[in-house]
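Quick notes on the structure that follows.
The values are calculated or read from the model by the stated rules, or taken from the named source; none is laboratory data. Owing to the predicted nature of the structure, the values given are computational and were not obtained by experimental measurement. In this analysis, Cβ positions are derived from the backbone assuming ideal geometry, glycine residues included, and neighbour counts consider all displayed protein chains.
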Amino acid sequence: MSDRQSIRPFLTYLENTGDLVRVAKQVDPHFELSAFLSAADAGPSLLFESVVGSKLRVAGNLLNGRARIAAALGIEIAEILPRIHQAIRAPVKPVRVDNGVVQQVVEREAPLSGLPVPTFFERESRPYITAGVIVARDPETGRGNASFARFAILNGDTAMVGIAPNHHLALFSRRAAAVGKPLEIAVIIGAHPAIQLAACLYLGVGDDEMECAGSLLGNPVGVVPAKTVDLMVPADAELVLEGTIDANQPIEEGFVSEYHGMYENYGSGYLARFSALTRREDAIFQVIEPGYHREHIYLGALPIAASLFNTLAAVIPNVREVAVTEAGAGRTDVVIQIAGAGPGQPRRAMFAVFAAVSIVKRVTVVDADIDPWDPVAVEWARTNRMKLERDLLLIPQAGTDRSEPMEQGGLVTKVGFDATAKANDRVEGVDRALPPLAYREAAKKWFTENLPRDQRKWLKS
Ligand SMILES: Cc1cc2nc3c(=O)[nH]c(=O)nc-3n(C[C@H](O)[C@H](O)[C@H](O)COP(=O)(O)O)c2cc1C
């Protein structure tokens, strides 16, 4: 039993680096807390010390970019993709531990009451739990799954869960309902960031994200048996809600925010009933500001990028990096970096990405000298390395997700940009007009030696 696999070491790190602001003022979970998180979007993490109607503290805006996610994993930004990729390739099974801080307090009566659950946006009608990693098992095979989905609170022990129909959790819920049973779930809040990232991976049905989390952590996830359902839960998390999902009981949702930043009206979700809350004595309730906010974007973006890299590496051995951009809300817009792309490779990469993740709408392929995470560099490549009549691929009537803003009848037009430089496009060549390398390096060295670090943030690495 320890804090090693919790969010606490990361909170301490954020505090030590000046990236955590403690909000001492009492805030209202009805819109006020959400407004603080929205305002701090690209800024510090927030720890709300006092929330109206709850004894628990609230933490938010923890993983709002690549730098934070790298810090949470204890690695450099450039290592994020290879590390998650390695975790997909070499999963590590959880191990049972003797006891867990997550079960210091057990409440069976009205488990949802007393939680600081925020109402986020103007046209949403209910408070939402947004940072819950849901653990469940396939009723047919017994294999595990972990993924995020939102819960709209109905009363002290029931909620509506909103899951995209193609997600594995929705599939498991329907499989359980087909044999007349609800699906047992455990909702984990405030687990280690590695567990949260793993929950967003796109794996095969039956590939358990909790095993990738163990690999990402460098240690198996320590788990204990839940109190009222037959599932294992991470021992070091802040809080767990135990219960069931009944796909035979539709509950109308109304307007809900989506990653693209607008509202959707999906109709009905499924009924969730909760049988217990277990938590640390001083549990911190994590909140992720949904919609087009950076934590929601980047938590999705990096696991999707690593999942796509895994798919691409099997067919394009010279793929170097995959970015899932902030403009595409970490879901719909992908940039693939290929070193020395051979003829046909950019289109093959596009097809592989469109086939692997249906939510992706736009794919750009760039060369090794373009940083796929730098939107200006990617725009430069699109502007200067494409002959549009040759290098633009439009795929009308392609299948997409219900969340796609331009979707009609499940279809949308997808687009591919081959922004790689092609031999013979320019008689002058494609090399960049720059001073000789030795002079550039000498100039950089001078700035590095003569300016303090905070005055040379503009210096390119
Ligand atoms: C903060 C956050 C909230 C999310 N909320 C939802 C949600 O409400 N419904 C949903 O279907 N997917 C949601 N997702 C996306 C899924 O968790 C993600 O696509 C996951 O890979 C699905 O996994 P599965 O197919 O194994 O169930 C969310 C992702 C994040 C990062």
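A few notes on this one:
- Total residues in the range 400-427, condition outside any loop (DSSP other than H, G, I, E, B) and within 26 Å of the chain's Cα centre (by Cα): 8
- Unmet requirement for Ile153, which otherwise passes all of (1) more than 21 Å from Val92 (Cβ to Cβ); (2) within 8 Å of the ligand (Cβ to nearest atom); (3) hydrophobic (A, V, I, L, M, F, W, C): (2)
- Subset tally (residues that are of a type outside the set (A, V, I, L, M), more than 15 Å from the chain's Cα centre (by Cα) and under 26 Å from Ala329 (Cα atoms)) for the range 257-299: 11
- Search result, residues across the range 104-136 that are crowded, with 21+ Cβ neighbours inside 10 Å and not in a loop (DSSP other than H, G, I, E, B): Tyr128, Ile129, Val133, Ile134, Val135, Ala136
- Of residues in the range 429-459 being surrounded by 10 or more Cβ atoms within 10 Å (Cβ to Cβ) and aromatic (Phe, Trp, Tyr), the one farthest from Ile370 (Cα to Cα): Trp446
- Looking across the range 76-103 at every residue that is surrounded by 14 or more Cβ atoms within 10 Å (Cβ to Cβ) and either in a loop (DSSP other than H, G, I, E, B) or of a type in the set (Ser, Thr, Tyr) (or both), the one that is nearest to the chain's Cα centre (by Cα) is identified as Pro91.
- Qualifying residue in the range 134-149 (condition: modelled with pLDDT of 95 or more, under 24 Å from Asn64 (Cα atoms) and more than 16 Å from the ligand (Cβ to nearest atom)): no
- Taken over the range 162-186, residues that are buried (at least 19 other Cβ atoms within 10 Å of the Cβ), outside any helix (DSSP H, G or I) and more than 8 Å from the ligand (Cβ to nearest atom) amount to 5.
- Output for the range 303-332, where each listed residue is part of a loop (DSSP other than H, G, I, E, B), out of contact with any helix residue (DSSP H, G or I) (no Cβ under 9 Å at 6 or more places or on another chain) and of a type in the set (Val, Ile, Thr): Thr332
- Any chance Glu295 is part of a loop (DSSP other than H, G, I, E, B) and of a type in the set (D, E, K, R): no
- Test: residue in the range 78-94 that is assigned by TED's automatic domain parsing to the domain that holds Tyr266 and at pLDDT below 95: no
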